[in-house]
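The structure under discussion appears below in the form of structure tokens.
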Amino acid sequence: MKNSNILNNFSNITGFILLGFPCPREGQILLFVLFSVVYLLTLMGNGSIICAVRWDQRLHTPMYILLANFSFLEICYVTSTVPNMLANFLSDTKVISFSGCFVQFYFFFSLGSTECFFLAIMAFDRYLAICWPLRYPTLMTGRLCTNLVVSCWVLGFLWFPVPIIIISQMSFCGSKIIDHFLCDPGPLLALACARAPVMEFYWTFISSLLLFMPFLCIMGSYALLLRAVFSLPSAAGRRKAFSTCGSHLAVVSLFYGSVMVMYLSPASEHEAGMQKLVTLFYSVGTPLINPVIYSLRNKDMKHALQKLMGT
């Protein structure tokens, strides 16, 4: 009933309507509280890692510098969607302006692109540390680490502006209701007045390229890494090596598994409910889980966090 009221009143507003998770008012308030807690925990978890790396001298190494930058990226990533989603839970109209929609679109996908590149260079760092331990300090210098971090941010934010600008110039017809909690290309292209198969193909192509290039680099790094680990003579050495890269591999599995289901599965674009849940997992769930994975599986990080909290 509420959705039909929104549709009837659309003539008085400009922009799009993000339906989010339609439910009674009480349910919206409950979701607001739940996602507020999740957002705060995500900020606290990733912020703690940044502070631990900043204040513990033993963590001033490329591995942990990359991790601190990754945690900062996760804070930005979750902030690109959750505050607007929280505001919509308390809003009756759930309207997002045209410009606001495409700004969110740009930052969400640019930060997601940056995360793909970060996961690749973190895998490369682990490959150098385990396969070339004696040469690692001279190979992964502070300057190279800085250049890799800057490259990730630059590439991430230069990957999607052209298609997003093209989509923003399209004409949108009908109700302009987006059955999602964020501005996503699938629902937006579905609202276009005329089908744009070339744009749809171009978007699929650059999205696939973005996913597979870093993913192949990650898999290549881990293939070489595993070959080196299995050649180690002692079981203790193999356990230590697996422990070092286990956290990163878990994060890669969670992020890439959900993103590939979302953007490379033909059925994903037809199921709005599943689309929301999968997007929710990799955009909100993984930034919450990642600090837990890194702190629980890494003794140095666990000790630094205990020291930071005074325990």
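Rounded to the nearest 20 debye, what is the charge dipole size of the chain about its Cα centre when +1 sits on each Lys and Arg Cβ and -1 on each Asp and Glu Cβ?
1060 debye
Using 1/(1 + (r/R0)^6) with R0 = 30 angstrom and r between the beta carbons of Val33 and Ser99, what's the FRET efficiency to the nearest 0.05?
0.55
Sequence-distant or interchain residues sharing an amide H contact under 5 Å with Phe172, placed H: which?
Residues meeting the amide H criterion: Cys193.
Taking all pairs of different Cα atoms in the stretch 63-141, averaging 1/r and flipping that mean, what Kirkwood radius in angstroms comes out?
After inverting the pairwise mean of 1/r, the radius is 15.0 Å.
Under 5 Å between amide H atoms, partner at least 5 residues away or on a different chain: which partners does Thr93 have, H built in plane at 1.01 Å?
Close amide H contacts, sequence-distant or interchain: none at all.
Which helices of the chain meet both criteria: a Cα extent of 15 Å or more along the helical axis and a mean Kyte-Doolittle score no lower than 0.0, with helices taken as whole DSSP H segments?
25-55, 62-79, 98-131, 142-158, 197-230, 235-264, 286-297
Among Tyr282, Leu59, Pro197, flag the residue with its Cα farthest along the positive direction of the charge dipole of the chain, charges on Cβ as +1 for Lys/Arg and -1 for Asp/Glu.
Most positive-ward Cα: Leu59.
Quick check: with the 1.4 Å probe, what order do Glu26, Glu271, Glu115 take by accessible area, largest first?
Descending accessible area places them as Glu26, Glu271, Glu115.
Return the calculated 222 nm mean residue ellipticity for the chain, to the nearest 500 deg cm²/dmol, obtained by summing -39500 (n - 2.57) across DSSP H runs with n ≥ 4 and dividing by the residue count.
Numbers: 14 runs with 228 residues, N = 311.
Here the helix-only value at 222 nm equals -24500 deg cm²/dmol.
For the stretch 123-211, rounded, prolate or oblate, judged on the Cα gyration tensor with a ≥ b ≥ c (square roots of eigenvalues), a/c < 1.5 rounded, else prolate if a/b > b/c?
Prolate.
Suppose R0 equals 45 Å. What FRET efficiency, 1/(1 + (r/R0)^6) with r the Cβ-Cβ distance, do Leu209 and His303 give to the nearest 0.05?
Efficiency for this residue pair is about 0.65.
How much solvent-accessible surface does Cys51 expose, in Å² to the nearest 10, with a 1.4 Å probe and all protein chains in place?
The accessible area of Cys51 comes to roughly 50 Å².
May I have the count of lysine pairs in the chain with C-alpha atoms under 13 Å apart, counting pairs 8 or more residues apart or located on different chains?
4
Find the relative contact order for the chain and round it to a whole percent, using C-alpha pairs within less than 8 Å whose residues are 6+ positions apart. If you can, show how the numbers build up before the last one.
Details: 326 pairs, mean separation 79.2, N = 311.
Value for the chain: 25 percent.
Rounded, prolate or oblate: pick one for the stretch 1-148, where a ≥ b ≥ c are the square roots of the eigenvalues of its C-alpha gyration tensor, a/c under 1.5 means rounded, and failing that, prolate if a/b is larger than b/c, else oblate.
Because a/c hits 1.5 or more and a/b exceeds b/c, the stretch 1-148 counts as prolate.
Of [x] 141; [y] 379; [z] 125, which is the value of volume of the Cα convex hull per residue in Å³ derived from the coordinates here?
Computed from these coordinates, volume of the Cα convex hull per residue in Å³ corresponds to label [x].
The values are calculated or read from the model by the stated rules, or taken from the named source; none is laboratory data. No experiment lies behind these values; they were computed from the predicted model shown. So basically every Cβ, Gly included, is an ideal-geometry build from the backbone, and we count neighbours across all protein chains shown. Surface accessibility is based on the protein's heavy atoms, side chains included, excluding ligands, DNA and RNA. Shrake-Rupley method; radii C 1.70, N 1.55, O 1.52, S 1.80 Å.
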